[in-house]
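The values are calculated or read from the model by the stated rules, or taken from the named source; none is laboratory data. Source: prediction; values computed, not measured. Neighbour counts run over all protein chains shown; Cβ positions are idealised from the backbone, glycine included. Just the protein is used for accessible areas: all its heavy atoms, side chains included, with ligands, DNA and RNA removed. Shrake-Rupley method; radii C 1.70, N 1.55, O 1.52, S 1.80 Å.
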Amino acid sequence: MYNVSELKKIIELKNIDEKLVSIYGNDKKCISDFYVRLEHILFHLEKIDNSEDVYVFSASGRTELSGNHTDHNNGCVLTASINLDKLAIVTKRDDDKIVVYTDRGDTPDVVSIQDLEIRRTDFGMSSALIRGVCAGLLNRGYKIGGCNISLSNKVLIGSGLSSSASFEALIGHILNTLYNENKIPKIEIAMIGQYAENEYFGKPCGLMDQMGCSIGGVISIDFEDNKDPKMEKIEYSFEDAGYSLMIVDAKGDHSSLTDEYAAIRMEMNSVANFFGKEVCRDITLNELIENASKVRAKCGDRAFMRAYHFITENNRVVEQIEALKNNDIKKYISLMNESGNSSFTYLQNCYSIRSSKNMGVALAICLTKDFLSGDGACRVHGGGFAGTIQALIPVSRVEEYTKYIENIFGKDSAIQVSVRQSPVCEI
């Protein structure tokens with residue numbers, strides 16, 4: 001916690017760089033931007049709140065390294081927090097309201113913590129996430145209370161970087177700090193976020209996004225037991241191996257494509273149900289192939305291929321984890337490309353079937369493969385259908401790739417990211 005005059009001094013002197021390295025890495029631009037963003041949201045907060053005591057929080061976006069659509073069927077994933085974040089200055093309120101102001105200048109979200117009913121009319125709205133996180137905390141016996149939040153967002157919305165999960169982690173940790181003495185484990189904050197997204201936001205996601213935004217670093221997660229996921233941190237630097245992790249924003253918004261996203265889980269589950277199971281984690285590739293004709297007749301060809309993707313992708317995640325542990329970047333790259341091909345061909349989430357004119361993700365993959373000529377990798381990123389791809393680009397070609405992509409998708413469409421080591425936190 002800071003008083004306002006102390007925070008203004010920090011902004012003036014720019015003297016907490018050492019605290020920021022675990023959040024932004026050694027990216028000097030990100031650290032420099034932090035002070036500008038902090039000054040902006042403090043200025044905005046002072047217009048509406050004269051409190052002397054303020055808190056500063058940061059919650060990251062996440063990048064899915066491997067495990068495309070495996071988490072919701074109890075599979076394995078490899079994910080990482082990134083140095084794009086939601087930065088917030090927060091004050092306590094004495095009433096029952098949580099009020100969130102954004103740097104976009106939108107009308108603030110105002111949620112009464114006395115009214116936590118699920119509203120289908122609010123599906124897809126940030127106010128629903130606030131309400132859901134509050135309900136999730138109360139359901140687990142934790143306290144909630146009012147606050148003002150002035151927010152600066154660098155996690156692209158609707159782009160596969162998990163803006164909603166980042167927001168859930170932020171709200172959860174703010175209430176953890178203000179009203180629960182920081183007693184809530186980060187994994188539990190992630191689970192509360194998933195509850196909010198499933199029940200209040202209307203998106204049937206797995207837990208990977210929330211874990212990636214809450215925990216920090218590169219982490220492997222095995223969701224075989226969804227109530228007790230097994231997590232392991234992996235120390236790895238792509239830059240040290242000669243490659244930069246990049247996100248390409250193909251300028252498509254997947255926030256309106258929840259039904260197509262949900263169909264993946266539904267179809268995978270239909271195949272599992274054919275075998276008397278709940279999730280695809282509980283069936284084998286041999287079982288699937290031996291019963292191919294019956295599965296096709298009962299569930300359809302696309303459902304069969306999506307289940308095939310799950311089983312092979314789940315095995316691939318384990319291999320990629322081992323490749324990182326063994327510092328075998330060439331093996332990792334080969335598997336990353338396999339993952340991308342499987343998502344495109346079998347999972348079929350690289351474009352929406354609604355429009356043949358808006359296929360930015362597929363186009364970005366096509367042209368990135370052409371650019372790389374075999375040295376590097378690319379794949380759909382996140383839920384898919386629209387939004388972003390992830391690419392592993394040789395460090396020496398980052399500038400060239402950035403120009404190449406921006407010529408196609410516009411300025412700032414190629415984003416170089418680094419792994420963030422810090423979990424969601426108070427700064």
Evaluate the charge dipole of the chain about its Cα centre and quote only its size in Debye, nearest 20, assuming +1 on the Cβ of each Lys and Arg and -1 on the Cβ of each Asp and Glu. 660 debye
Once the dipole of the chain is set up with Lys and Arg at +1 and Asp and Glu at -1 on Cβ about the Cα centre, which of 99, 195, 146 lies farthest towards its positive end? 195
May I ask which residue of 171, 317, 80 lies farthest towards the positive end of the charge dipole of the chain, with charges of +1 (Lys, Arg) and -1 (Asp, Glu) on Cβ and the Cα centre as origin? 317
Rolling a 1.4 angstrom probe over the protein chains, ignoring ligands and nucleic acids, what is the accessible area of residue 27 in square angstrom, nearest 10? 50 Å²
Once you keep just the Cα pairs under 8 angstrom separated by 6 or more residues, what percentage relative contact order results for the chain? 22 percent
Which distance in nm do the two modelled labels at residue 103 and residue 296 give, with both placed 7 Å along the Cα-to-Cβ direction? 5.3 nm
Ordering of 239-248, 322-331, 64-73 by packing [mean C-beta count within 10 Å, highest first]: 64-73, 239-248, 322-331
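Report the Rg/Rh value for the stretch 304-406, based on alpha-carbon coordinates and the Kirkwood definition of Rh. Present the calculation step by step, with values, prior to reporting the outcome.
Working: Rg = 14.1 Å, Rh = 14.4 Å.
On the Cα set of the stretch 304-406, Rg over Rh gives 0.98.
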Taking the highest mean first, how do the peptides 140-149, 226-235 order by number of other beta carbon atoms within 10 angstrom per residue? 140-149, 226-235
For the chain, percent of DSSP beta bridges that are antiparallel (nearest 5) comes out at 90 percent
Heavy-atom accessible area per residue - the stretch 1-129, 1.4 Å, Å²: 45 Å²
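Over all distinct Cα pairs, what is the inverse of the mean 1/r for the chain, reported as the Kirkwood hydrodynamic radius in Å?
Mean inverse Cα-Cα distance, inverted, gives 22.0 Å.
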Let me have the 222 nm mean residue ellipticity of the chain computed from DSSP H runs of 4+ only, each contributing -39500 (n - 2.57), with the sum over all residues rounded to the nearest 500. -13500 deg cm²/dmol
Give me the percent of DSSP beta bridges within the stretch 80-239 that run antiparallel, rounded to the nearest 5. 75 percent
Over the stretch 1-108, consider all pairs of different Cα atoms and compute the Kirkwood hydrodynamic radius from their mean reciprocal separation; express it in Å, one decimal. 16.0 Å
In whole percent, the Cα-Cα distances of the stretch 195-248 spread across 5 Å bins from 0 upward as 4, 15, 18, 21, 17, 12, 7, 4, 1
The stretch 54-100 - charge dipole about Cα centre, Lys and Arg +1 at Cβ, Asp and Glu -1, debye rounded to 20: 120 debye
Protection proxy ranking of 368-381, 9-22 - average other beta-carbon atoms within 10 Å, highest first: 368-381, 9-22
Which whole-number percent gives the relative contact order of the stretch 235-300, counting Cα pairs below 8 Å spaced six or more residues apart? 20 percent
Find which of 212, 364, 58 sits farthest along the positive direction of the dipole of the chain, computed with +1 on the beta-carbon of Lys and Arg, -1 on that of Asp and Glu, about the Cα centre. 364
Please compute the modelled spin-label separation between residue 408 and residue 231, points set 7 Å along Cα→Cβ, answer in nm with one decimal. 3.5 nm
Could you sort 154, 47 by their accessible area in this structure, using a 1.4 Å probe and putting the largest first? 47, 154
Say the cut-off is 31 Å between C-alpha atoms; which of 14/186; 14/325; 9/233; 97/203; 230/331; 9/251 go over it? 14/325; 9/233; 9/251
With charges set only on the Cβ (+1 for Lys and Arg, -1 for Asp and Glu), what does the dipole of the stretch 141-203 come to about its Cα centre, in debye to the nearest 20? 120 debye
How big is the stretch 220-313 by Rg and Dmax over its Cα atoms, in Å? 17.3, 49
Sequence neighbours fewer than 8 away in the same chain don't count; with that in mind, list the lysines whose C-alpha is under 16 Å from residue 298. 277
